[in-house]
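Below is one structure, written out as structure tokens; the observations come after it.
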Amino acid sequence: MTAEILSTGDEVLLGDLVDTNSAYLCDRLKQMGIRVSQITVKGDEVSAVRESVQVISRRAEICLVTGGLGPTRDDITARACAEALEESLAVNPTALASMKTYFDRRGFELTPDNEKQAWLPDSAQVLENTHGTAPGFAFQLNQCWFFCMPGVPSEMKQMMDACVVPRIEAIQGKQTRLLIRRFTVFGLHESRVGTRLTGFEDRFPGIRLGFRASFPVIEVKLVSDAGEDSKEADTGLARAGQWVAQQLGSKVVSHTGRSLEAEVGHLLAKRSQTLAVAESCTGGLIAHLITQVPGSSDYFLLSAVTYANSAKIKVLGVTPRTLDTCGAVHESTAREMAAGVRQVAGSDWAISTTGIAGPGGGPTMKQVGTVCIGLAGPGGLTEAKKFEFTFDDREKNKKMFAAMALELLRRHLTGEISV
């Protein structure tokens, strides 16, 4: 089955908005065993969108359209689709009723401007929007089914899952299903990951190997077409996954594609243990990563961004003597930071970071890329390690420091102590 995506909006073409919708839709279709052959972006011009709809209708079977369904003058998707269909626009009673329900539930007035969103092509089938005001709609032109959804990501995702996916599955029938296995890797460059997996294609023909770098981690992905014998495909993918895991060894932080922070959270939750964090050079990045994971409130207690030495002393109990003798960027300081935040929070585990993210250098022998990571845990465990990275970029250093702190904790949680 061939599929395309049509993204509309001047804001995308002008670079004011990153088109995350297309990435999400590509991944969602991939999970259904459907490959996207092309992504088209058009501005808020009726003629441009109309022509794209007409062209796509002759070469694709499915087209997902996002954007242009709002109440303002530049929301032109419905009009462009009506022209492509050679139909008129009219108030769709189902769409209007859905909008009225949404507005009444929130105590808002349904104005004539808002009613514009209920004007759809004559043959359009309404896709309900439970998260916003703009109904979506579907129609068929030539060989292609078009599904038009709002550009607001939360509204689009809800409509895709609730309304569009079931319709595509009905159209799709018993098409080939894709089996996917993901590994999260930390501590190797992408080229080194590729080298370790040399010979994969010869060993496992029919299974595709892919890599996606999202600094500082690498995702390794195995993809197989299930075909008619899904059990055999599952077995083959499992064998390939075992081989990949063996080749990458301890550099695999998750065998299920979890992020590093999600894997740490999973391990903490599994043990019913808690975590606190003290950050200096990472400026709250570790806490941000941890709290991005749903359910992190079950195990994450406290974050303290103690940037100044005075804060390290007052909040965490780092001794002035340690700071005077060793300085802020030192294993002893990191160790006391971790122990201090663990005591303040009453957590089972604590990690800390203190270092030099750059671009300016630190004191003698403490160059940009230096970080000391402290860890405190059950049984009076306290330790700290110093790492030196060669990145000149402040953002990269902060990301690497945060990831290394999480990895140090992960290895203690799994019993793989050395880093």
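Screening the candidates 249, 236 for the property of being surrounded by fewer than 20 Cβ atoms within 10 Å (Cβ to Cβ) and on the phi > 0 side of the Ramachandran plot yields one hit, 249.
For the stretch 81-122, which residues satisfy the criterion of being without any contact (Cβ under 8 Å) to a residue 12 or more places away in the chain and in contact with a helix residue (DSSP H, G or I) (Cβ under 6 Å, 6 or more places away or on another chain)? 110 - this is the single residue of the stretch 81-122 that is without any contact (Cβ under 8 Å) to a residue 12 or more places away in the chain and in contact with a helix residue (DSSP H, G or I) (Cβ under 6 Å, 6 or more places away or on another chain).
To keep it simple, each residue is scored yes or no on (1) surrounded by 17 or more Cβ atoms within 10 Å (Cβ to Cβ); (2) in contact with a helix residue (DSSP H, G or I) (Cβ under 8 Å, 6 or more places away or on another chain); (3) without any contact (Cβ under 8 Å) to a residue 60 or more places away in the chain.
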| site | (1), (2), (3) |
| --- | --- |
| 366 | yes, no, yes |
| 379 | no, no, yes |
| 399 | yes, yes, no |
| 413 | yes, yes, no |
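Among all residue pairs at least 6 apart or on different chains, which show Cβ distances below 6 Å where the first residue, located in the stretch 53-80, is of a type in the set (Lys, Arg) and the second is in a loop (DSSP other than H, G, I, E, B)? Cβ pairs passing all conditions: 58/142. For the stretch 102-122, a residue qualifies if it is part of a strand (DSSP E or B) and either among the hydrophobic types (A, V, I, L, M, F, W, C) or not assigned by TED's automatic domain parsing to the domain that holds residue 68 (or both), and the qualifying residues are 119, 120.
For the stretch 42-89, the set of residues classified as over 25 Å from residue 18 (Cβ atoms) and either in contact with a Leu (Cβ under 7 Å, 6 or more places away or on another chain) or part of a strand (DSSP E or B) (or both) consists of 57, 79, 82, 84, 85, 89, listed by residue number. Take residue 125 and decide whether it is touching a residue at least 60 places away in the same chain (Cβ under 8 Å), assigned by TED's automatic domain parsing to the domain that holds residue 93, closer than 25 Å to residue 55 by Cβ and polar (S, T, N, Q). No, not satisfied.
Rundown of residues vs (1) more than 18 Å from residue 339 (Cα to Cα); (2) out of contact with any helix residue (DSSP H, G or I) (no Cβ under 9 Å at 6 or more places or on another chain), yes/no style:
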| site | (1), (2) |
| --- | --- |
| 221 | yes, yes |
| 235 | yes, yes |
| 252 | yes, no |
| 273 | no, no |
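Across the stretch 132-190, the qualifying residues are those that are in a loop (DSSP other than H, G, I, E, B) and closer than 19 Å to residue 32 by Cβ, and the one among them that is modelled with the highest pLDDT is 143. Restricting 355, 360, 317, 327 to those that are in the same structural domain as residue 399 (by TED's automatic domain parsing), touching a residue at least 60 places away in the same chain (Cβ under 8 Å) and over 25 Å from the mean Cα position of the chain (by Cα) reduces the list to 355. Only residues that are among the charged types (D, E, K, R) and touching a Gly at 6+ places or on another chain (Cβ under 9 Å) were counted across the stretch 241-272, and they come to 2.
The values are calculated or read from the model by the stated rules, or taken from the named source; none is laboratory data. The structure displayed is predicted, hence computed values, not measured ones. A quick note on method: Cβ atoms are made from the backbone with ideal geometry, for glycine too, and the neighbour counts reach across all protein chains shown.
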